[in-house]
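The values are calculated or read from the model by the stated rules, or taken from the named source; none is laboratory data. On a predicted model such as this, the values are computed, not experimentally measured, just so you know. Reconstructed Cβ throughout: ideal geometry from the backbone, glycine too, with neighbour counts over all protein chains shown.
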């Protein structure tokens, strides 16, 4: 299954389809579900490979620990639920029984960030990347579109150890063609520029590209990086870019602490201090509403990204 | 059989002595719940499980999960006695750069099949192993030793429901029912009774025994092995601190190491079956 550039597809749909392809190729793949298979799209895998599919009911801690037990027997366990539940309800199982023993458990939750929009705060996972990034040995990914999802899912299956791969409930535009290669830990330079570096991930990558387009009408040249892996972070691509632009704006559908903005700021603080503006939630929960309206209300729209870039460029003069 | 039982009794004595010596050497650890499980662990490793200390990662081996991971001195002792690592290494319990962590680490200690220590997780992990045995059509069995205190955890009952759903008959859960937990008796902290009825209500096959009687333990293992399409739990009535008069049924010995003098007294009592 491949997806056409310009189409809009939720990455959870791509996950469900790619998981079936993966299951066909790799018999070690087993899938665990917690009663939301119609939403996470693992029902497709369940129909195709019922013997390798386990629905444990509404019990995410149990789901995660059973998946760990399966991985202890040499399987590659895929765990599906929502980001809030994977990262918080089952957090200790992830930390102590998946990450500590460094097991091949691939946690692939849907409903990352505010993509579950109208479901409201209980179902919006805006802290998960930070929680996962803090756990030693965890690899943390968020693909920007359906083609990236498929490639990164296959890469995650080959990756040694635990992976957290965050998906969206709502549609995001396809920005990659099916030939684009993805390597875990290697960001993708999507657009070259010289005035400011925008680093984004997941559903915010297309917003970052829109912001760069808008900025170009004001003669501002923005570089755009898709940091689909926030851990391990690709320091090289950041350094190469900021040595040229000398300022960064991070954009994520997440709290600005501990996620992408946190990771980039920490890296730059230690290696190449430059002004950084972080776009994301600032110490606030969101609310129910339409996705685009929520981005607007909480300061994460294309308009806010462009304003952040202008601000960031101004800051360059104030430092050094 | 009588001779075999005598061998198991002697082995359990050795096990108890090793537990006390290693906890004393570490100056910390959990002797009470390790001593209460001595017969259960001895019966598992010397009379029930198919394991090969020379090949601890054998994919076909039976699995054991010490869900009540804080009582790991009982597990480390039996593993050393079986030859997974040298007996002298027991003296390194809880010491830096050692392989014997304060709670079991599957990647550090040969023979430890699952990391454990955060209570309430072992039954779920065991279900994962048992499901994979069925998927791969392998005959290995999975054994999970639960503490009674950890039955307070909600996750245990999530797992109990799932084991019945998946008809997991290749897993055996054993409750080391010594009726004490860190802060006091089960009844004071969080009453568990009617415990057998709880498991029955979750559609488990329940066998209640004296957890210090080898004939009963081995008999229960046999019955569990014959049960199909249903998970089995053995509720093993035990005494916390069993074998050492001043530790028996004393909540204070949940997580306290004996000093040298207390160790000498305890070793003497165990040797002489007092």
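Remarks
- Residue-level check: of (1) within 14 Å of chain A (Cβ to nearest Cβ); (2) buried (at least 24 other Cβ atoms within 10 Å of the Cβ); (3) out of contact with any strand residue (DSSP E or B) (no Cβ under 9 Å at 6 or more places or on another chain), residue B:66 misses just (3).
- Flag if residue A:309 is more than 20 Å from the chain's Cα centre (by Cα), touching a residue at least 24 places away in the same chain (Cβ under 8 Å) and either not in a strand (DSSP E or B) or not assigned by TED's automatic domain parsing to the domain that holds residue A:169 (or both): yes
Let's see how each residue does on (1) within 23 Å of the chain's Cα centre (by Cα); (2) over 20 Å from residue A:148 (Cβ atoms); (3) outside any loop (DSSP other than H, G, I, E, B); (4) without any contact (Cβ under 8 Å) to a residue 60 or more places away in the chain:
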{"residue": "A:212", "(1), (2), (3), (4)": "yes, no, yes, yes"}
{"residue": "A:220", "(1), (2), (3), (4)": "no, yes, no, no"}
{"residue": "A:264", "(1), (2), (3), (4)": "yes, no, yes, no"}
{"residue": "A:273", "(1), (2), (3), (4)": "no, yes, no, yes"}
{"residue": "A:277", "(1), (2), (3), (4)": "yes, yes, yes, yes"}
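- Residues of region A:85-121 that turn out to be within 14 Å of chain B (Cβ to nearest Cβ) and at positive phi, as a count: 1
- Verdict on residue B:270 being buried (at least 18 other Cβ atoms within 10 Å of the Cβ), closer than 20 Å to residue B:178 by Cβ and in contact with a strand residue (DSSP E or B) (Cβ under 7 Å, 6 or more places away or on another chain): no
- All conditions in (1) touching a residue at least 60 places away in the same chain (Cβ under 8 Å); (2) within 21 Å of residue A:75 (Cβ to Cβ); (3) more than 10 Å from chain A (Cβ to nearest Cβ) hold for residue B:137, with the sole exception of (1).
- Looking only at region B:141-157, and only at residues there that are at the interface with chain A (Cβ under 9 Å from one of its Cβ atoms) and in contact with a helix residue (DSSP H, G or I) (Cβ under 7 Å, 6 or more places away or on another chain), the one that is farthest from residue B:202 (Cα to Cα): B:142
- Residue list for region B:158-180, restricted to those being at the interface with chain A (Cβ under 9 Å from one of its Cβ atoms) and not in a loop (DSSP other than H, G, I, E, B): B:158, B:159, B:161, B:162, B:165
- Residue A:77 fulfils the conditions (1) outside any helix (DSSP H, G or I); (2) more than 9 Å from every other protein chain (Cβ to nearest Cβ); (3) within 22 Å of the chain's Cα centre (by Cα) except for a single criterion, (2).
- When the strands (runs of 3 or more DSSP E) confined to region A:87-205 are screened for residues that are more than 17 Å from the chain's Cα centre (by Cα), those reaching at least 2 such residues are found at A:196-200.
Residue-by-condition table, conditions (1) within 30 Å of residue B:213 (Cβ to Cβ); (2) at pLDDT 95 or above; (3) within 11 Å of another protein chain (Cβ to nearest Cβ):
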{"residue": "B:47", "(1), (2), (3)": "yes, yes, no"}
{"residue": "B:59", "(1), (2), (3)": "no, yes, yes"}
{"residue": "B:82", "(1), (2), (3)": "yes, yes, no"}
{"residue": "B:105", "(1), (2), (3)": "no, yes, yes"}
{"residue": "B:109", "(1), (2), (3)": "yes, yes, no"}
{"residue": "B:112", "(1), (2), (3)": "yes, yes, yes"}
{"residue": "B:118", "(1), (2), (3)": "no, yes, yes"}
{"residue": "B:121", "(1), (2), (3)": "yes, yes, yes"}
{"residue": "B:129", "(1), (2), (3)": "yes, yes, yes"}
